[in-house]
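Student: Here's a structure for you.
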């Protein structure tokens, strides 16, 4: 019985060791978003159809992209009224 328990622990441990390592998600292309934010100073919200970003004093605040999202060109979705 002990042998079976030890064998089970050894086999389970080696199964976890072979799992692939997950890499973190890449943030949305900041260069194109930041350039659009500079070009359109009156715009307060942006999207690429995957992520929604809002202008904040310390930089854009963005949502999390969907699991199978195909990003498109960044565009303004809300303009601040003067």
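So that you can scan it fast, the table gives a plain yes or no per residue for (1) surrounded by 12 or more Cβ atoms within 10 Å (Cβ to Cβ); (2) within 15 Å of the chain's Cα centre (by Cα); (3) on the phi > 0 side of the Ramachandran plot; (4) not in a strand (DSSP E or B):
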{"residue": "33", "(1), (2), (3), (4)": "yes, yes, no, yes"}
{"residue": "36", "(1), (2), (3), (4)": "yes, no, no, yes"}
{"residue": "41", "(1), (2), (3), (4)": "no, no, no, yes"}
{"residue": "44", "(1), (2), (3), (4)": "yes, no, no, no"}
{"residue": "50", "(1), (2), (3), (4)": "yes, yes, no, yes"}
{"residue": "58", "(1), (2), (3), (4)": "no, no, no, yes"}
{"residue": "64", "(1), (2), (3), (4)": "no, yes, no, yes"}
{"residue": "68", "(1), (2), (3), (4)": "no, yes, no, yes"}
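Student: Residue 76 versus (1) at pLDDT below 95; (2) surrounded by 14 or more Cβ atoms within 10 Å (Cβ to Cβ); (3) under 22 Å from the mean Cα position of the chain (by Cα): which is the lone unmet condition?
Tutor: Checking residue 76 against (1) at pLDDT below 95; (2) surrounded by 14 or more Cβ atoms within 10 Å (Cβ to Cβ); (3) under 22 Å from the mean Cα position of the chain (by Cα), the one that fails is (1).
Student: Filter segment 48-60 down to residues that are in contact with a strand residue (DSSP E or B) (Cβ under 6 Å, 6 or more places away or on another chain) and touching a residue at least 24 places away in the same chain (Cβ under 8 Å) and give me whichever is farthest from residue 77 (Cα to Cα).
Tutor: 60
Student: Considering each residue of segment 10-47, count those that are farther than 14 Å from residue 78 by Cβ and either modelled with pLDDT of 95 or more or touching a helix residue (DSSP H, G or I) at 6+ places or on another chain (Cβ under 6 Å) (or both), and give that number. Write out each step before concluding.
Tutor: Restricting attention to segment 10-47, the residues satisfying the condition of being farther than 14 Å from residue 78 by Cβ are 10-35, 38-39.
Adding the requirement that they be either modelled with pLDDT of 95 or more or touching a helix residue (DSSP H, G or I) at 6+ places or on another chain (Cβ under 6 Å) (or both) leaves none.
So the answer is 0.
The values are calculated or read from the model by the stated rules, or taken from the named source; none is laboratory data. Please read these numbers as outputs of a predicted model, since none were measured by experiment. Quick reminder, even Gly has a Cβ in these numbers, built from the backbone with ideal geometry, and neighbours come from all protein chains shown.
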